[in-house]
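To start, the structure itself, in C-alpha cells.
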Amino acid sequence: MILSKPILLSAVQPSGNLTIGNYIGTMRHWSKMQNNYECLYCIADLHALTIQKNKIHLNKSILDTISFYLSCGVDPQKSIIFIQSHVYQHSQLNWILNCFSQFSELLRMTQFKIKSNCSKKINAALFNYPILMAADILLYQTNFVPVGQDQKQHVELTRNIAHRFNSLYGHVFTLPKPLITQHGSKIMSLLEPNKKMSKSDINKKNVIFLLDDIKTVISKIQNAYTDSETPSKIYYDIEKKPGISNLLEILSAITNKDIDILLKELEGMLYSEFKNIVADHLSKFLYKLQKSYNDYRNDEVYLKKIAYEGAMKSQLKSDKTLTKVYDKLGLIPLF
Ligand code: TRP
C-alpha cells in the first residue's frame, strides 16, 4: 500500500519586496517541506488586488515571486507552483463559501480590524478576504497551512466554515491545521527590536530586504541596536536583550544551527565581533540567493511555463472538490 503524503498549501501575496523576516519565517521551510508533504505553492494575486491596483507593478511582482519560490528551492518537479487567478475554481468556491460565512465572524478578524482602522475607504474585498483564503485552502483538501501568527485566525475561520458545510452536506472538505514554526517565526526590526520587521517600515534601516545590496546589508547589521549591559554578554533573552536575541535568531536560521550551539561558539566575544559574524554569514547567504533569483528572473519564458503547468495541475485537483460541492448544493456540474 502506498501511503500518500499529507497535503500542504502555502500562499503569499505577490511582492518583490520580501525581507529576511519573510525568508526566515516562511520561505526557509519550503524546500524541506517538499520531502514530507505534497506541496502546493500559490501566488495570491487576487488577494493582492484588495490593495494593489498598479498594473505594471502587480505584473512584475507576480513574476518576482515565482522567481523567489524557485530560488528558495521549490522544485516544480516535486511541488505545484501556481498563480491564484489562473485557477478559476478559487473565485467560484469563494462565492459559494460566502454563503456559508457569517458577517459577525468576519467582523472579528483582527487583520480586518487593523486594516480598516488605517483607512476610511475600505473595499468589500478586504472584508471578504479570509473567505477567498478559505477557498484557496479547502479546494485542495489541504491538511496543513504554514502561516505566521497573524494568519492563524484565518485558518481557524477556514476550519469553521468547512465544518459548517460538512455538517450540512456530509464530508466534503478536509479540516486544515495551521503549521506554526517556533523559532524565527518573528524577526524583529533592527533598530527597534520590540516591533516586528516589516517591509512597509518607513525607516529602511530597520529592515533587511532579500534584494538589498551586500554593502547595505553589512552596514544595517553593524548599526543594529544592541542592548546595553556592562560587561557586554551575548545570550538569548527576548525580554532583556531583544536586539541580541533577534540577531541570534537570524544567525541561527541562516546557518541552520541551534541557538545553544551558537552561544557556545560566541562565548566571550564582543558585540562588534558578533555583529561581524552575523553580517558575514548573512551577506554570503544573500549573495547566493540573489544570484539564483536573478538567473530565474531573467528567464520569463521559463517562469511562464512553470505558471502554466502549475495552473493545469491545480485546475484538475481543485475541480474535483468543486464538482463535489456543486453536486451537494444542487448546482449542475459541467461534465
Ligand atoms: N493572506 C495571506 C497573507 O497575506 C496570503 C494567503 C492567501 C494565504 N491565501 C492563503 C496564506 C492561503 C495561507 C493559505 O499572508
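Observations on the model:
- Cα centre as origin, Lys/Arg/Asp/Glu Cβ charges: the chain dipole, Debye: 720 debye
- Counting only DSSP H runs of at least 4 residues, each contributing -39500 (n - 2.57), and dividing by the residue count of the chain, the helix-based mean residue ellipticity at 222 nm comes to -17000 deg cm²/dmol.
- Trypsin sites (Lys or Arg not before Pro) restricted to the range 1-56 and DSSP loop, no more than 14 other C-beta within 10 Å: K53
- Residue of L247, L262, L18 that the Gaussian network model of the chain assigns the largest fluctuation, springs spanning Cα pairs under 10 Å: L262
- Residue-wise HN-Hα couplings along the range 87-93, as the Karplus relation 6.51 cos²θ - 1.76 cosθ + 1.60 with θ = phi - 60° gives them from phi, are 10, 4, 4, 5, 5, 5, 5 Hz; Gly and Pro carry x.
- Given their separation in residues at 0.36 nm each and the Cα-Cα distance between them, T230 and Q102 gain 40.5 nm when the chain is fully extended.
- Using the Karplus relation 6.51 cos²θ - 1.76 cosθ + 1.60 with θ = phi - 60°, the per-residue 3J(HN,Hα) values for the range 297-311 come to 5, 7, 10, 5, 4, 5, 4, 6, 5, 4, 5, 5, 5, x, 5 Hz, with x marking Gly and Pro.
- Rg over Rh for the range 81-206 works out to 1.02, both radii taken from alpha-carbon positions and Rh defined as the Kirkwood radius.
- Relative counts (whole %) of C-alpha pair distances in the range 145-225, using bins that are 5 Å wide: 3, 14, 16, 15, 12, 10, 8, 7, 6, 5, 3, 1
- Viscosity 1.306 mPa s, 10 °C: Kirkwood-radius Stokes-Einstein D of the range 204-294 over Cα pairs, µm²/s: 117 µm²/s
- Residues whose amide H falls under 5 Å from that of I208, counting only those 5 or more places apart or on a different chain, are I20, G21, with hydrogens built in the peptide plane.
- Relative contact order %, the chain, counting alpha carbon pairs below 8 Å whose residues are six or more apart: 22 percent
- Between 0 and 90 degrees, the angle of helix 55-71 with respect to the longest Cα principal axis of the chain falls at about 70 degrees.
- Peptides 66-77, 118-129, ordered by how many other C-beta atoms sit within 10 Å of their residues on average, highest first, read 66-77, 118-129.
- Pairs of Cα atoms farther than 28 Å apart, the chain, %: 46 percent
- With contacts taken as Cα pairs under 8 Å at a separation of at least 6 residues, the range 204-294 carries a relative contact order of 35 percent.
- With all protein chains modelled, accessible area of E300 [1.4 Å, Å²]: 80 Å²
- Residue-normalised accessible area of the range 204-294, expressed per residue, 1.4 Å probe, Å²: 54 Å²
- Alpha-carbon centroids, the range 1-37 and the range 247-272: separation in whole Å: 25 Å
- Per-residue surface analysis assigns K205 an accessible area of about 120 Å², computed on protein heavy atoms at 1.4 Å probe radius.
- Surface composition of the range 187-335: carbon plus sulfur atoms hold 56% of the accessible area, using a 1.4 angstrom probe and ignoring ligands, DNA and RNA.
- Working from Cα pairs under 8 Å separated by at least six residues, relative contact order for the range 81-180 is 30 percent.
The values are calculated or read from the model by the stated rules, or taken from the named source; none is laboratory data. Keep in mind that this is a model prediction, so the values were computed, not measured. Reconstructed Cβ throughout: ideal geometry from the backbone, glycine too, with neighbour counts over all protein chains shown. Please note that ligands, DNA and RNA were not included when accessible areas were found on the heavy atoms of the full protein model with its side chains. Shrake-Rupley method; radii C 1.70, N 1.55, O 1.52, S 1.80 Å.
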